[in-house]
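Presented below is the structure to which this report refers.
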């Protein structure tokens, strides 16, 4: 659909005198103010396919030509490719959505309600009475098994009525809540009390147990996993710092190392996402093929890192391999530090 341009040569956005269809000062297109619905939709679709065209034009060098995209960006040839930050946000969003895709449903504890063994047995008996398919002897045996399996003190009941967490008895010295733990600590001499990290761990542990019951551990891991993208935003500039330290003789600016770091992570996220999608489509019986795809991901990623380092930093083969090993070692140290920080942050939010 043809665009309708204004005959006037002043920019409506900033007032600059125009010398073409676009303002050289602010970049706004000199279109007619009053446009039909069709022209408005056409303009929106054009902007979308411009992004779409940039994205698909970026895919080939990103996936198949290690290091080329970084060199193109540094050389100033940028219009035909996606901006690194925009590309990182889009690809990482798709990748983490695939990672977070789970098929299990967490069963939550019913408000942390404590019930006695007798109450549980009565509930089980009531449910058995509704089942007419069982004989009296079968029901009696089930009731006996349930009574023997339950502790005398009590349990917590989930939403479906099943016991999911055993509580502590009144005579047991083990604390069942953080308030009881704090009271027990206050009774101890100062030199025998838990330190800061022990108190921090117990506070978070009791908070998750109170909220999720028997599923506290898996819910904690879910929270850690869903906060992983935040960790990556911290890890990217740290990785760029490692690159600057490792390849200091190349005399590159920090931002150039940052661009390479973004492109490298975009490749890994995108290639991993493609592998994940293929594995999700494959039947479960094709586990061998799935394992081969994982092996291809690992091997090609190692090759991609090596080749992109040679292209971007222009070092000899064995020098590149040596620096790649030392760089990887420092990177995984940073990953461990960031992971500890992430776990601490999630635990602090729970407490």
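The values are calculated or read from the model by the stated rules, or taken from the named source; none is laboratory data. Here the structure is a predicted model, which means the values were calculated and not measured. Cβ: placed from backbone, ideal geometry, glycine included. Neighbour counts: every protein chain shown.
Values computed for the structure shown
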item	result
Meets criteria (under 18 Å from the mean Cα position of the chain (by Cα) and within 22 Å of residue 86 (Cα to Cα)) for residue 255	no
Counted residues, the stretch 282-303 - those being part of a helix (DSSP H, G or I) and either farther than 23 Å from residue 328 by Cβ or touching a strand residue (DSSP E or B) at 6+ places or on another chain (Cβ under 9 Å) (or both)	6
Complete set of residues in the stretch 25-49 that are part of a loop (DSSP other than H, G, I, E, B) and either loosely packed, with under 11 Cβ neighbours inside 10 Å or modelled with pLDDT under 80 (or both)	27, 30, 32, 33, 34, 35, 36
Candidate set: the stretch 172-197, residues that are farther than 19 Å from residue 208 by Cβ and in a loop (DSSP other than H, G, I, E, B); chosen: the one modelled with the lowest pLDDT	172
Residue within the stretch 304-322 that is exposed (fewer than 13 other Cβ atoms within 10 Å of the Cβ) and touching a residue at least 60 places away in the same chain (Cβ under 8 Å) present	yes
Filter pass, residue 250 being in contact with a helix residue (DSSP H, G or I) (Cβ under 7 Å, 6 or more places away or on another chain), closer than 15 Å to residue 99 by Cα and surrounded by fewer than 17 Cβ atoms within 10 Å (Cβ to Cβ)	no
Evaluation of residue 252 against (1) on the phi < 0 side of the Ramachandran plot; (2) in a helix (DSSP H, G or I) (one fails), failing number	(2)
Residue check, residue 19 farther than 30 Å from residue 215 by Cβ, surrounded by fewer than 13 Cβ atoms within 10 Å (Cβ to Cβ) and modelled with pLDDT of 75 or more	yes
Residue satisfying all of: in the stretch 273-294; more than 20 Å from residue 93 (Cβ to Cβ) and touching a residue at least 12 places away in the same chain (Cβ under 8 Å); surrounded by the most Cβ atoms within 10 Å (Cβ to Cβ) among these	293
